[in-house]
Amino acid sequence: MIVYMTEKGKYFPPNAEKPRGLYINLTNRCNNDCPFCLRQKKIMTAENSLWLESEPTVDEVKKELNAAPLDIVKEIVFCGFGEPTIRLDALLELLRYIKKIRPQIPTRLNTNGLGNLEHGRNIEQDFENILDTASISLNAANAERYLQITRSKFGLQAYDAMLTFAENMKKFVPHVVLTIVDKVTPPAEIELCQKICNERGLTLRVRPYEDN
């Protein structure tokens with residue numbers, strides 16, 4: 001599924017009338033391999049699955065957006081079973097398109113924050129004026145623990161790159177949030193993560209672990 005809509009994690013048919021989030025999946029590819037990620041274990045029905053049989057073109061996503069009930073959409077989120085910034089050009093074009101057709105709808109990017117390493121340049125400024133919230137997976141309080149959890153293809157450098165990305169995004173995006181997963185992260189480490197965020201002027205959100 002390319003575009004799907006939920007309210008508090010529950011799927012709704014296209015004719016639902018309650019305000020809810022609209023989620024866009026651009027790719028199954030990811031440069032991390034987190035064992036707790038939903039892509040590893042979440043069971044979803046075919047009609048509600050985030051998994052893509054093939055990566056959609058920009059025009060295909062635009063067609064889905066044009067057909068969606070945008071009048072009841074409270075936020076448009078780029079996420080999925082993969083890392084959206086891997087398809088950076090498509091992501092940016094679609095964010096610009098959304099701001100053109102519905103500038104009042106907030107946009108959010110769920111990312112692991114490794115886009116700079118993926119593309120070999122700083123990409124943060126690309127999101128200026130087209131992205132409202134960046135939600136970045138922090139996952140751990142140090143580089144060694146981060147690599148153990150994420151099994152990132154970039155190795156130990158991934159952790160500092162992610163934090164630098166988060167700090168730089170603050171210059172161009174109104175809301176930047178770092179996230180950790182409660183059952184994956186021990187309470188003592190959550191405290192350390194909060195300290196890291198406080199020192200860097202970043203917001204921390206503790207996400208609930210999903211068994212399925």
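The values are calculated or read from the model by the stated rules, or taken from the named source; none is laboratory data. Please read these numbers as outputs of a predicted model, since none were measured by experiment. Cβ sites come from the backbone with ideal geometry, for glycine too, and all protein chains shown count toward neighbours. With ligands, DNA and RNA removed, areas are computed over all heavy atoms of the protein, side chains included. Shrake-Rupley method; radii C 1.70, N 1.55, O 1.52, S 1.80 Å.
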**Complete:** With the first residue restricted to segment 154-167 and required to be among the acidic types (Asp, Glu), and the second required to be surrounded by fewer than 23 Cβ atoms within 10 Å (Cβ to Cβ), Cβ contacts under 7 Å at 6 or more apart or on different chains are Asp160/Ala143; Glu167/Arg200
**Item:** Positions within segment 61-112 being within 30 Å of Lys153 (Cα to Cα), of a type in the set (Asp, Glu) and in a helix (DSSP H, G or I), in sequence order
**Value:** Asp89, Glu93
**Message:** For the list (1) farther than 19 Å from Leu26 by Cα; (2) touching a helix residue (DSSP H, G or I) at 6+ places or on another chain (Cβ under 8 Å), I need the number of the one condition that Leu88 fails.
**Reply:** (1)
**Complete:** Taking segment 171-212 and keeping residues part of a loop (DSSP other than H, G, I, E, B), open to solvent by less than 80 Å² (accessible area, probe 1.4 Å) and not polar (S, T, N, Q) leaves Phe172, Val173, Asp182, Val184, Pro186, Gly201, Leu202, Tyr209
**Asked** Restricted to segment 136-154, and to residues that are buried (at least 19 other Cβ atoms within 10 Å of the Cβ) and part of a loop (DSSP other than H, G, I, E, B), which residue is modelled with the lowest pLDDT?
**Response** Asn139
**Request:** Have a look at Leu95, Leu138, Leu91 and point out the one that is under 13 Å from the mean Cα position of the chain (by Cα) and under 28 Å from Leu65 (Cβ atoms).
**Result:** Leu91
**Request:** For Tyr97, state whether it is open to solvent by less than 20 Å² (accessible area, probe 1.4 Å) and more than 23 Å from Lys171 (Cβ to Cβ).
**Result:** no
**Item:** Residues located in segment 69-94, provided they are within 19 Å of Leu52 (Cβ to Cβ), open to solvent by 20 Å² or more (accessible area, probe 1.4 Å) and touching a strand residue (DSSP E or B) at 6+ places or on another chain (Cβ under 8 Å)
**Value:** Gly80
**Residue satisfying condition, being at pLDDT 90 or above, surrounded by fewer than 19 Cβ atoms within 10 Å (Cβ to Cβ), out of contact with any His (no Cβ under 9 Å at 6 or more places or on another chain) and on the phi < 0 side of the Ramachandran plot, within set Pro14, Pro35, Pro56, Pro103** = Pro103
**Message:** Going residue by residue through segment 113-135, is there one that turns out to be modelled with pLDDT under 95 and either open to solvent by 10 Å² or more (accessible area, probe 1.4 Å) or assigned to a loop (DSSP other than H, G, I, E, B) (or both)?
**Reply:** no
